[in-house]
Amino acid sequence: MAYYRSVGNVPPKRHTQHRTPEGGLYSEELMGEEGFTLDSSLLYHRFSPAAIVAAEPWEPPSAALTPNLPLRARHLRLHDLAPGDEWTRHDAVTGRRTALGNADVRIGYVAAGKPSPLYRNAVGDECVYVEAGAATLATSLGALDVAAGDYVVVPRGVIHRWTPVGDDPLRLYVIEAASHIAPPSRYLSRHGQHLESAPYCERDLHGPTEPLLEDGEGVEVLTKHRAPSGVAGTCHVFAHHPFDVVGWDGCLYPFRFSIHDFEPITGRVHQPPPVHQVFEGHNFVVCNFVPRKVDYHPLSVPVPYFHSNVDSDEVMFYCGGDYAARKGSGIGQGSVSLHPAGHAHGPQPGAVERSLGVDFFDELAVMVDTFAPLQLGEGGLAVDDPDYAFTWAGGDG
Ligand SMILES: [Fe+2]
């Protein structure tokens with residue numbers, strides 16, 4: 001995130017004495033990515049950020065993956081993962097179910113009603129899309145108020161806590177990278193500013209605005225981290241509450257971006273999928289499809305052509321409106337479709353004819369394209385619709 005912010009109490013010169021009102025010294029921490037050659041921030045703590053008093057085993061949600069064999073398109077009904085009032089017993093971290101994953105990215109889902117434990121992901125950045133509900137994301141760099149339609153990007157290693165707000169379930173679609181997540185480099189100038197041609201800009205990105213301080217001793221933080229088996233967990237007990245940062249500055253921080261601030265790029269004929277891109281990580285991209293005027297050539301076909309994305313598996317999460325190309329397939333709000341590399345896909349039977357002459361699509365979907373094949377998590381297997389792969393065979397396409 002090449003976008004500088006300064007929050008709270010920081011000294012005028014880095015790496016110099018920064019004193020508390022009582023005359024003591026704050027602890028300065030450089031938090032940086034890729035060996036301190038990428039984004040970083042300087043944090044000023046009331047206590048030592050290294051002071052832990054215990055490290056205990058913690059079993060994170062199942063990370064087991066099952067190959068997509070025999071290869072076929074999938075439809076996963078994520079809302080079925082938390083039927084009835086089950087969401088009231090889950091939190092946004094330990095209640096996650098893995099739908100799909102590979103070595104580069106994992107896609108999970110949770111409907112939550114309880115505050116989460118303090119948590120940090122040391123495997124990679126998280127991009128959490130808020131499908132429904134509202135929450136406060138408390139972090140060591142400050143808090144964010146988030147609501148439906150927000151992408152919430154939490155950098156690797158940032159300690160945080162999700163607290164649902166209101167009476168409705170907090171529904172989160174969780175994209176966990178094994179790398180960093182950032183705006184696509186082609187949206188940025190050589191020096192990192194968002195270009196005029198990008199579908200969003202710095203004003204649409206919202207970071208913390210003030211420090212968040214909490215008191216406490218012997219505070220547990222769940223850490224998800226890398227392990228020979230892939231992913232493991234540890235519960236670290238901090239001597240003092242890790243929300244002790246009185247000020248920070250730099251380009252590494254959590255932020256939110258609303259899907260409703262994404263300005264769609266449209267044209268006379270169908271625009272290719274890259275115009276919908278929002279973020280990129282190592283070996284995957286995040287795109288979204290938002291309500292928009294559709295193709296306006298007099299003979300245009302508004303729904304997508306059939307396509308073979310030969311290098312990618314495509315994952316669509318249908319999170320609002322009415323998705324024209326998938327009518328008749330059983331897909332609805334909360335559905336995920338997986339269209340794996342290896343065969344073509346496109347509009348469901350009848351969808352092309354129905355789209356002719358339409359000038360607006362009221363659809364909301366988040367897409368993840370991965371450059372390595374995806375496997376199914378235990379959550380995905382639990383809500384798999386076995387008929388979806390064969391729904392194209394019944395009509396005119
Ligand atoms: Fe597609």
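The values are calculated or read from the model by the stated rules, or taken from the named source; none is laboratory data. Predicted, not measured: the structure shown is a model, and the values here were computed from it. Positions of Cβ are generated from backbone atoms using ideal geometry, with glycine treated the same way; all protein chains shown enter the neighbour counts. The accessibility values were calculated without ligands, DNA or RNA, using every heavy atom of the protein model including side chains. Shrake-Rupley method; radii C 1.70, N 1.55, O 1.52, S 1.80 Å.
Go through region 344-389 and count every residue that is within 16 Å of the ligand (Cβ to nearest atom), small (Gly, Ala, Ser) and assigned to a helix (DSSP H, G or I). Qualifying residue count, region 344-389: 3. Filtering region 263-287 to residues that are under 17 Å from residue 185 (Cα atoms) and either within 16 Å of the ligand (Cβ to nearest atom) or crowded, with 22+ Cβ neighbours inside 10 Å (or both) leaves 273, 274, 275, 276, 277, 278, 279, 281, 284, 285, 286, 287. In region 106-124, of all residues being within 16 Å of residue 172 (Cα to Cα) and among the hydrophobic types (A, V, I, L, M, F, W, C), the one that is nearest to the chain's Cα centre (by Cα) corresponds to 107. In region 55-75, the residues that are surrounded by 11 or more Cβ atoms within 10 Å (Cβ to Cβ) reach residues that are in a loop (DSSP other than H, G, I, E, B) and basic (Lys, Arg) with C-beta atoms within less than 7 angstrom, at least six apart or across chains, in these pairs: 61/96. Could we say that residue 246 is more than 12 Å from the ligand (Cβ to nearest atom) and farther than 30 Å from residue 46 by Cβ here? Here the answer is no, as residue 246 does not meet what is asked.
Selection of region 309-324 for residues being hydrophobic (A, V, I, L, M, F, W, C), within 14 Å of the ligand (Cβ to nearest atom) and either open to solvent by 30 Å² or more (accessible area, probe 1.4 Å) or more than 22 Å from residue 71 (Cα to Cα) (or both) yields 310, 324. Candidates 381, 364: the one that is modelled with pLDDT of 95 or more, within 24 Å of residue 284 (Cα to Cα) and open to solvent by less than 40 Å² (accessible area, probe 1.4 Å) is 364. Somewhere in region 276-285, is a residue closer than 30 Å to residue 194 by Cβ and free of Cβ contacts under 8 Å to residues at least 60 places away in the same chain? The answer is no; no qualifying residue exists.
The set of residues from region 325-339 being part of a loop (DSSP other than H, G, I, E, B), buried (at least 20 other Cβ atoms within 10 Å of the Cβ) and not small (Gly, Ala, Ser) comprises just one member, 331.
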